[in-house]
1. Filter region 211-230 down to the residues that are more than 10 Å from the ligand (Cβ to nearest atom), of a type outside the set (S, T, N, Q) and outside any helix (DSSP H, G or I) and list them by number.
2. Could you identify the single residue in 152, 142, 172 that is away from the ligand (no atom under 16 Å from the Cβ) and in the same structural domain as residue 62 (by TED's automatic domain parsing)?
3. For residue 274, work out the one condition from (1) within 16 Å of the ligand (Cβ to nearest atom); (2) more than 20 Å from residue 343 (Cα to Cα); (3) outside any helix (DSSP H, G or I) it doesn't fulfil.
4. Quick one: which of 261, 238, 253, 233 is outside the structural domain of residue 152 (by TED's automatic domain parsing), surrounded by fewer than 21 Cβ atoms within 10 Å (Cβ to Cβ), in contact with a Lys or Arg (Cβ under 8 Å, 6 or more places away or on another chain) and modelled with pLDDT of 95 or more?
5. Which condition number in (1) buried (at least 17 other Cβ atoms within 10 Å of the Cβ); (2) within 24 Å of residue 189 (Cα to Cα) is the one that residue 332 fails?
6. Mind counting the residues in region 158-202 that are part of a helix (DSSP H, G or I) and within 28 Å of residue 249 (Cβ to Cβ)?
7. What's the total number of residues in region 337-385 that are over 18 Å from residue 314 (Cα atoms), away from the ligand (no atom under 16 Å from the Cβ), part of a helix (DSSP H, G or I) and among the aliphatic types (A, V, I, L, M)?
8. Working only within region 368-407, note down all residues that are under 26 Å from the mean Cα position of the chain (by Cα), open to solvent by 80 Å² or more (accessible area, probe 1.4 Å) and over 26 Å from residue 261 (Cα atoms).
Amino acid sequence: MAGTGGTSGRAGVVGLGTMGAGIAEVLARGGWSVTGVEEQPDALTRAEGRIMASTAYAESRGKLAEGEGAAVRARLSYETSIDALADCDLVVEAVPELPELKQRVFARLDAVVGANALLATNTSSLSVTSLAASTSDPSRVVGLHFFNPAPVQPLVEVISTVLTSAGTLDRVREILAGLGKTTIACRDRAGFVVNGLLIGYLNSAATWYERGYATREEIDDALVSAGMPMGPLALLDLVGLDVTVAVLQRMYLQFGDRRYLPAPLLTSLVEAGLLGRKTGRGLYTYDGSTPTATTTGAPGVVPPPPASRAGELPEALLVPYLNDALTMVGVGYASPATVDTGMSLGCRMPPPFDQLAAIGPERALAVQRQVFDETADPGYRPALLLEQLAAADDPDLALHVLRRADR
Ligand code: 3HC
């Protein structure tokens, strides 16, 4: 593809875990010849199995025409060395979130690929800028943040650094459009847009569970009833507790907000190797991808005496998340439309500004004030924009105007 202006060519994906295998599948479904790389042959076999299952399921659901799954799989090849990626136009790195490992992969890619190749990282917790700066040509490096499951979620966050060239961004956007993905542009900041809102919400849900404020099922059911496609605890298991903890740690480091200190339960589960669906056990226990019908808590959880606060759900978890969205908009990191696109296309959640409109700014402010008073945590201070909306003569109209202003 390089230099031809087309939108398919040869791609490499390094690291074929849940995300890497999904990204490889997305590229192959978009017509790319894809080489997936894992050092261990058994990891390649697992990835091949995952892609087989996903493409077969896509066919069964009519997302791929009959027989197309085989054509997609034929465009994929599997290798154990990065050296096999020498003639790629685009390489996406999706190895585990370990800084030294990612640096090593980038150093190797930098030496192997041609001068016109684009390099991307799917990191959700590391600085794209520092990975880019460690290469000989940082202008061709971007973050491409896909969402799990990558073949299902239509969003990709495109993260540019201060070193990324405009030409690289144009090419990347063209490629993603060719893959049928919607993109939002993000500056390199911990969490980007989507995780910047999602991960604090997930951490709060884990804290609620750990403190015995509500059962696992009460928490998840309440949020599903509020329109979420899955409950936050089930979503934690889908995302992976290790990934969540890594993103939280980076957000805590960057923003200094103690709400981002991982709930101790999450840290314990990660230390125990119980990472969620990918290991068969996390906050829930899985038989395949289905949670088993157990009512026992996660291992090691001894909930305090019952002091149920389930009646405060879903607002107690939902409103702080919406407050974060207003803070993000207020500091100029993202517009309301970008936030809505991010959450609805990255996570299939209702657009946060629709949820805020449904609750109403005045009610949201009352709930947020209660949370802030109770916790005395500055991270829960009502967003200035929320205060302003609620103080307007017509708060609903003020919210409507805020949403329209950025179109
Ligand atoms: N290929 C293509 N399409 C597929 C597919 C595949 N392999 N698997 C499923 N689909 C489609 C189905 O056809 C269906 O489409 P439809 O809605 O048009 O009918 C849709 O995806 C849902 O599939 P299912 O009906 O089989 O499954 P569920 O309805 O149980 O949904 C789910 C499962 C897709 C996981 C859904 O619950 C969901 O989207 N949850 C939210 C997940 C989320 O938030 N992901 C982002 C996490 S954050 C992240 O990844 C970033 C990281 O850095 C932390």
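1. Taking region 211-230 as the starting set, the residues that turn out to be more than 10 Å from the ligand (Cβ to nearest atom) are 211-223, 225-227.
Within this subset, residues satisfying the condition of being of a type outside the set (S, T, N, Q) are 211-214, 216-223, 226-227.
Listed by number, the residues that qualify are 211, 212, 213, 214, 226, 227.
2. Details: 152 fails: away from the ligand (no atom under 16 Å from the Cβ); 142 fails: away from the ligand (no atom under 16 Å from the Cβ).
Matching residue, one of 152, 142, 172: 172.
3. Of (1) within 16 Å of the ligand (Cβ to nearest atom); (2) more than 20 Å from residue 343 (Cα to Cα); (3) outside any helix (DSSP H, G or I), only one is false for residue 274: (1).
4. Working: 261 fails: in contact with a Lys or Arg (Cβ under 8 Å, 6 or more places away or on another chain); 253 fails: in contact with a Lys or Arg (Cβ under 8 Å, 6 or more places away or on another chain); 233 fails: surrounded by fewer than 21 Cβ atoms within 10 Å (Cβ to Cβ).
One residue alone meets the criteria, 238.
5. (1)
6. 10
7. Qualifying residue count, region 337-385: 3.
8. The answer is 407, and nothing else.
The values are calculated or read from the model by the stated rules, or taken from the named source; none is laboratory data. As the structure is a computational prediction, the values presented were derived from the model and not from experiment. Virtual Cβ from ideal backbone geometry, glycine too; neighbours counted across all protein chains shown. Each accessible area value is taken on the protein alone, full model and side chains, heavy atoms only, with ligands, DNA and RNA left out. Shrake-Rupley method; radii C 1.70, N 1.55, O 1.52, S 1.80 Å.
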